[in-house]
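Q: Below is one structure. I have some questions about it.
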Amino acid sequence: MRIRSWATAVTAAACCILPLAAPAAAEDKPARGVAWSASHETATASGGRWVERPSTGGLLQVVAEGRLANTGEGCYSVWARWQFDFVPTPPRKQATVCGNDTVDVRVRQSYMPTTTGSIAVCKGTEDTRDCGSWQSLTSWPVTRP
């Protein structure tokens, strides 16, 4: 009987103490889902991507999270472009970094079987005229983490 009481006490203590442990720093977290990366000149963006259903229900969404880092001068931006049922949409800026710095990138878009998306790092903040290669966000397998 004593062993059972002791085991119950240890289990209860672990349930109370473990949630209080400090979470890992953002830099220590591994990328979720499938890895993605894009770069141009001195800037690189990378992270993970997956498909999820919002907690409120509704359509599936493609989610890409990561970091945009620049090791040189000037500004660079991450742009995403989407195509729905073979109809392309204009690229949209997702994040910008200027100078030697790092910023978070988070892209979220509704997803249907005919949705395709890609991401690129471009020089400057205004347009997509000077970019690295566009990288797919919807090539498979993309799975829920």
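The values are calculated or read from the model by the stated rules, or taken from the named source; none is laboratory data. Computed from a predicted structure; not experimentally measured. Backbone-built Cβ (ideal geometry, glycine too); neighbour counts: all protein chains shown.
Q: Would you tally the residues in segment 44-53 being farther than 13 Å from residue 105 by Cα and either touching a residue at least 24 places away in the same chain (Cβ under 8 Å) or buried (at least 17 other Cβ atoms within 10 Å of the Cβ) (or both)? Walk me through how you get there before you give the answer.
A: Taking segment 44-53 as the starting set, the residues that turn out to be farther than 13 Å from residue 105 by Cα are 50-53.
Subsequent filtering for residues that are either touching a residue at least 24 places away in the same chain (Cβ under 8 Å) or buried (at least 17 other Cβ atoms within 10 Å of the Cβ) (or both) retains 50-52.
Counting residues in segment 44-53 that are farther than 13 Å from residue 105 by Cα and either touching a residue at least 24 places away in the same chain (Cβ under 8 Å) or buried (at least 17 other Cβ atoms within 10 Å of the Cβ) (or both) gives 3.
Q: Please state which of the following conditions residue 33 fails to meet, knowing it meets all the rest: (1) surrounded by fewer than 12 Cβ atoms within 10 Å (Cβ to Cβ); (2) small (Gly, Ala, Ser); (3) modelled with pLDDT under 95.
A: Here residue 33 clears every test but (1).
Q: Being farther than 16 Å from residue 134 by Cβ, at pLDDT below 95 and among the small types (Gly, Ala, Ser): is that true of residue 69 here?
A: Values: farther than 16 Å from residue 134 by Cβ: yes; at pLDDT below 95: no; among the small types (Gly, Ala, Ser): yes.
Against the criterion (farther than 16 Å from residue 134 by Cβ, at pLDDT below 95 and among the small types (Gly, Ala, Ser)), residue 69 does not qualify.
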